[in-house]
Structures are given as structure tokens and as C-alpha cells.
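Rule-based calculations on the coordinates, nothing more; no lab input. Everything numeric here is computed off the predicted structure, so don't read it as measured data. With ideal geometry, Cβ positions are generated from the backbone for all residues, glycine too; neighbour counts draw on all protein chains shown.
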Amino acid sequence: VMKTYHMYHAESISAESKLKEAEKQEEKQFNKSGDLSMNLLRHEDRPQRRSSVKKIEKMKEKASEVPGRQAKYSENKLKCTKARNDYLLNLAATNAAISKYYIHDVSDLIDCCDLGFHASLARTFRTYLSAEYNLETSRHEGLDVIENAVDNLDSRSDKHTVMDMCNQVFCPPLKFEFQPHMGDEVCQVSAQQPVQTELLMRYHQLQSRLATLKIENEEVRKTLDATMQTLQDMLTVEDFDVSDAFQHSRSTESVKSAASETYMSKLNIAKRRANQQETEMFYFTKFKEYVNGSNLITKLQAKHDLLKQTLGE
């Protein structure tokens, strides 16, 4: 539309220029024709030259161009006016459309494309938050259950529970019975002569041996109890607080100090672990010694009691 307007306007300017030029030429020719007429009137008696006649005819032809130029100019001016009007109307429509686009349509387009996005986003995050909150609640409930179980830990009760659940394994078996050979009817220790003296001497030896073993085993038991207490103190040290590992925004100096403390803590842990292992090995050794000693005492005590019953002492 703008190009059409520019084209018709250029044609209108050109037609106007040609019209003005034709009018100027007409005015000049009119003046010249007046002069020629005067000259012709003065020289009527002279025969007219052919060139003069041609000039007059030519001036008449040029004078006749003015109406054509005027019509052409009017036509081009009308076309230019219509083209300008169309251009201005379309320009107003275009500006209105652009203004509407940026003032109304852009916002409406965003609303159209954004329809439900924020609601869906909110639902998504609320679902996530609900899951996290429920997970946190579940974790706290689980931690409470674990803490309650830790508070109720009882080694003796657990030991009895396990033994009761597996009573076939931990229940004492039947005693070994005497198996007589080839119809032998004697099933008791015989203290008749000549074995009575030997049994009596054996009885006193067992009595003396038992007294010595009981004293020795009692000392082992005392050492075992002391070692067990030391080991329990090592195992029950309250070093389970790890809150320092979750501290944030610490300064550089505190970080350096924490690193140094961590290094020293690792050294202390290694040293404590070595001491604990050494104490455990000593405890196991003493426990083995105590169990073997008590087993020996039990067997010798059974022989001693049976001999005492047999000898009547």
C-alpha cells in the first residue's frame, strides 16, 4: 500500500510539473503569438513566409497540450489521494493491531500458554512436601521405636529369651548311666578292703587338690571380674554424639581447629582400639583359664563327693 501511494504520488508530482511546464510554454507562446499577429498586421501586404506559418501552427499545438496535461494531473492527483487514504487507513489499522498485540494479546497469549502451569507446579511441590513431611514423621517414629528398644536393651533378658526359644539346644542332656558288663550287678564304688585304703588316700589328695584349685580359680575370677569391668568401661564410653559433624558456616580458624581435633581424635581412637583389643585378648585368656579351672574343680568335686559318700566321712 505504501509503495502504491509513493508511486501515485510520484506520478502526481510529475504530472503537476509537466502541467506547470505546459502552462509556462502556453504563456510564452501566447505572448509570441501576439507579437507575430502584430507583425502580420503591419506586413499584410507582404507575402507570409512558410516558416512563420509553421511556427504559428506549432504554437497552437503546444497550446492544445495544456488541457491534456490538466486532465492527466487531475487523474494522477485523484489516484494519489485514494492511495494516500488507503495507506493512512491501513497504517492506522496496523498501528492499532500492533498496539493491541503488545497491550492485550501478549498478556492473553501468556495466560493461554500458562493456563494451569502454576497450579500444576504447586500441586507437584505440595505432593513432594507431603511425601517429605510424611517421610520425616515416619523417620521420627522409627527413631523413637529404635530409641525405646535401645533403652530397653538387657543382655540377661535376651540371653534367657534365646535359651528358652532354643531349649532343645541349651537344655542339659540325660545323665550317662552305668552300663554293667556280662551280668555284673555291682553299680556303686566299692570301699571294701584292699581298695579302701587306696580310696581313702585318693580322697584326701582330692580334698587337698580342690582347696588349692579353688584358691587359684578364685584369684583368676577376681582378675576376670576386674578385666571385664575395664572392658565394659571401654565399651560403654559415650562417644556417640556426632553433632559436630553437622555444623555449618564455620570460620577458617574453627575449620583448622576442627581438622586438628579430628586428627588427634583419630589418633586417640586408634590408641583406644589397640588398648581395647589387648584387653579383650587378656579377658578371653582369663575367661578360658577360669572355665577350664572351674570345669576341673567340678569334676574333682564330683569324685570327692562320691568318695566321701562311699567312705562315709
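Here's the picture: charge each Lys and Arg Cβ at +1 and each Asp and Glu Cβ at -1 in region 128-172, and of His160, Gly142, Pro172 the one pushed furthest to the positive end of that dipole is Pro172.
Which of the pairs Lys20/Lys72; Lys159/Lys286; Lys24/Lys72; Lys28/Lys77; Lys266/Lys286 have their Cα atoms more than 24 Å apart in this structure? List each step's numbers first, then the result.
Values: Lys20/Lys72 12 Å; Lys159/Lys286 22 Å; Lys24/Lys72 17 Å; Lys28/Lys77 26 Å; Lys266/Lys286 30 Å.
Listed pairs above 24 Å: Lys28/Lys77; Lys266/Lys286.
With each label modelled as a point 7 angstrom along the Cα→C-beta vector, the Ala226-Phe246 pair spans 4.3 nm.
Put the Cα centre of region 101-151 next to the Cα centre of region 198-231 and the gap is 73 Å. Using the Cα coordinates of region 76-121, the gyration tensor eigenvalues translate into equivalent-ellipsoid semi-axes of 42, 6, 4 Å, sorted from longest to shortest.
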